[in-house]
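Values in this text are rule-based calculations from the coordinates and carry no lab data. Just so it is clear, the structure is predicted and the values come from calculations on it, not from any experiment. Glycine gets a Cβ as well: all are built from the backbone with ideal geometry, and neighbour counts include every protein chain shown.
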Amino acid sequence: MVKAGIIGATGYAGGELVRLLLGHKDVEIKWYGSRSYIDKKYAEVYQNMFELVEDKCLDDNIEKLAEEVDVIFTATPQGYLASILTEEILDKVKIVDLSADYRIKDVSTYEEWYKIEHKSPQFIEEAVYGLCEVNREKVKKARLVANPGCYTTCSILTAYPLVKEGLIDPNSLIIDAKSGTSGAGRGAKVPNLYCEVNENMKAYGVTTHRHTPEIEEQLGYAAGKDITVTFTPHLAPMNRGILATEYASLIRKQDGSLPGAAEIRAAYEKYYKKEKFVRILDDGVCPETKWVEGSNYVDVNFKVDERTGRVVMMGALDNLVKGAAGQAVQNMNLLFGFDEAEGLNLVPMFP
């Protein structure tokens, strides 16, 4: 039985981790860390855990926690883990970090986009980017996993096969993505109030959103070169979900023709046909957030626009599951040699 601790257990992603790990046959949660609710019963913070979790919230003493558990999940703001992580801690415990502290390999890029100083850059190189469908074998050997976020997971997986196979010009890639409000966290902020979000759609972080360099870096690895993309996120009046609609120019073949739908579908099937959590939809079916809600699935599909010579790629996932906690559990399963789907065989909820 693997013993797990969660730091940031009372945020939305932390709460989802608790829900998933309670259903994992090989894991026992030993520590519910929350600086905001120390000594308060966890079930008083989340009433859905009444009679399921009797523990009280503890502080975020990671040194003590490392002595008591096998894996620590840090569902914390950017900068937290980087400010406290040491070699001594990593010698004792595996860490799955849900923040961006170790996702970006270039320190200056991280500091430029996140506007904070990185306190432990010595661990960046060894950290494995935890996109399981791409880095599965590397994750298995890791001590420190940088768990990707919701926008990045959806954006990358939606375009990855076509970038990897050289079917699109990655520098022409435009990503238009929508997120439910839980992606902004549980903190009290005026822009996230019901009256501000309901009956409204808005773009934000236009040309400046901090997930942009992460998407560029990971798709750049697939392309084999540095790339530049346009990424624009939007806030949608729903609790959960990410929908990414992506546009890119197709690369003409030597005979001057464009890749067709069959060739593009073959690329998706090459990378995802055997992936449990990536579902390639039937022709003409567009991904929808309601069909992945509460699950660890990513639904993807595409449509070739012969008139413009471009392809429209689409992806949908639940931002709190595959976009955060579910992916973290998937990474943990790889770290400890469990069935990758253990604790994640979740049928999407509807309605």
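List of remarks:
- For the set Lys94/Lys164; Lys115/Lys189; Lys3/Lys322, the pairs lying more than 25 angstrom apart at their alpha carbons are Lys94/Lys164.
- Cut-off 14 Å between beta-carbons: net charge of the residues surrounding Glu217, Lys and Arg +1, Asp and Glu -1: -2
- Each Cα pair under 8 Å and six or more residues apart adds its sequence gap; the mean of these over the residue count of the chain is a relative contact order of 17 percent.
- Inter-part distance where the range 277-351 and the range 154-171 are each reduced to a Cα centre, Å: 16 Å
- Between helix 326-335 and the chain there is an angle of about 80 degrees, using the helix long axis and the longest principal axis of the Cα atoms.
- Taking Lys and Arg as +1 and Asp and Glu as -1, the other residues whose beta-carbon sits under 14 Å from that of Trp113 total -4.
- Counting Lys and Arg as +1 and Asp and Glu as -1 over every other residue whose Cβ lies under 12 Å from the Cβ of Glu28, the net charge comes to -1.
- Residue-span extension gain [Asn61 to Glu125] - 0.36 nm each, minus C-alpha spacing: 20.5 nm
- At q = 0.10, 0.16, 0.19 Å⁻¹, base-10 log of I(q)/I(0) for the range 151-319 (Debye sum, equal scatterers on each alpha carbon): -0.38, -0.92, -1.24
- Cross-linked pairs Lys25/Lys56; Lys202/Lys276; Lys202/Lys290: Cα-Cα separations exceed 25 Å for Lys202/Lys276.
- Nearest-ten-degree value, helix 212-223 long axis tilted from longest Cα axis of the chain: 60 degrees
- Once the Cα gyration tensor of the chain is diagonalised, semi-axes √(5λ) in Å: 34, 22, 20
- Potential lengthening of the chain between Arg265 and Lys290 amounts to 6.7 nm, from the contour at 0.36 nm per residue minus the alpha-carbon distance.
- Span from the the range 178-244 Cα centroid across to the the range 1-53 one, whole angstrom: 26 Å
- Each of Cys286, Asn239, Ser172 was placed along the dipole of the range 151-319 (beta-carbon charges, centred on the mean Cα), and the one lying farthest toward the positive end is Asn239.
- Spin-label model distance (nm) - Phe350 vs Arg35, 7 Å beyond Cα toward Cβ: 4.1 nm
- Dipole size of the range 74-223 about its Cα centre, with +1 on Lys/Arg Cβ and -1 on Asp/Glu Cβ: approximately 440 debye, rounded to the nearest 20.
- Among beta bridges from DSSP that stay inside the chain, the antiparallel ones total about 45%.
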